[in-house]
Amino acid sequence: FLARREPMARIFKPSHFHDMGKFTLMFVMLWAYFQFSQYMLIFSANLLEEIPYYLSRTDHGWQYVGVFLVVFQFFVPFALLLSRDVKRASNRLMLIAIWLLVVRFVDNLFLVSPEFNPQGLNLHMEAGEHTSAIFFHWLDLAAPLAIGGLWLWVFFTHLGRRPLLPVGDPYLQDALESTGGH
């Protein structure tokens, strides 16, 4: 967004976006590492109190959400971000970042929603009683949109009031002259 507007339009170079693409790729791999490590620890420990957590996420449609998350939160972004051209194109990188935010929202629903059912909280679920089918409440979307909208409003309000470059920084000119060295 800022790359097309002054003063950032003359400062941002493809190398900056390439670095941001590498940073995004690193976070995609870090997410996969954390998720797999958590699963492997719980699976190998075989703790009785953790079994209902995984049973509720492998039945009644939630298994498809799990596969969707593995494919579209790791494999697809990983494959796309391996390309140098994708990482250097700000529009493509922005689309991947937006996609990752959407899939991250789905991941948060996947972590929380199977423990709830339309009648209320299912706290006393036994290992064989995983009956929570996929459902969607309007607040699942309204709450993040409200909080995100409030955050964006505050962010853009303050963004218009402050300079985008560090005014008075003695090293600013040297930093601007040395950009684009990749």
All conditions in (1) farther than 17 Å from PHE135 by Cα; (2) open to solvent by 50 Å² or more (accessible area, probe 1.4 Å); (3) of a type in the set (Ser, Thr, Tyr) are true of TYR64 except (1)
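Would you list the helices (runs of 4 or more DSSP H) that sit entirely within segment 1-112 and hold 3 or more residues that are over 23 Å from LEU141 (Cβ atoms), in contact (Cβ under 8 Å) with a residue 40 or more places away in the chain and not small (Gly, Ala, Ser)? So that I can check it myself, show each step before the final result.
Working: elements: 14-45, 51-55, 62-70, 76-81, 84-88, 90-112.
Filter on segment 1-112 gives 14-45, 51-55, 84-88.
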Exactly one of PRO166, PRO170 is modelled with pLDDT of 80 or more, in a loop (DSSP other than H, G, I, E, B) and closer than 30 Å to ARG84 by Cα, and that one is PRO166
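Looking at LEU95, LEU80, LEU69 in this structure, which one is touching a helix residue (DSSP H, G or I) at 6+ places or on another chain (Cβ under 6 Å) and closer than 16 Å to PHE17 by Cβ? If you could, list the steps in order and put the result at the bottom.
Values: LEU95 fails: touching a helix residue (DSSP H, G or I) at 6+ places or on another chain (Cβ under 6 Å); LEU69 fails: closer than 16 Å to PHE17 by Cβ.
Going through LEU95, LEU80, LEU69 in turn, just one is touching a helix residue (DSSP H, G or I) at 6+ places or on another chain (Cβ under 6 Å) and closer than 16 Å to PHE17 by Cβ: LEU80.
In contact with a His (Cβ under 7 Å, 6 or more places away or on another chain) and closer than 26 Å to LEU152 by Cα: is that true of LYS87 in this structure?
Details: in contact with a His (Cβ under 7 Å, 6 or more places away or on another chain): yes; closer than 26 Å to LEU152 by Cα: yes.
In short, yes.
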Of LEU47, LEU150, the only residue that is of a type outside the set (S, T, N, Q), over 30 Å from SER15 (Cα atoms), modelled with pLDDT under 90 and open to solvent by 50 Å² or more (accessible area, probe 1.4 Å) is LEU47
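The values are calculated or read from the model by the stated rules, or taken from the named source; none is laboratory data. Computed from a prediction, not measured in an experiment: that's the story for all the values here. When we count neighbours, we look across all protein chains shown, and the Cβ atoms used for this are built from the backbone with ideal geometry, even at glycine. Remember, those area values only see protein heavy atoms, side chains included, never the ligands or the DNA or RNA. Shrake-Rupley method; radii C 1.70, N 1.55, O 1.52, S 1.80 Å.
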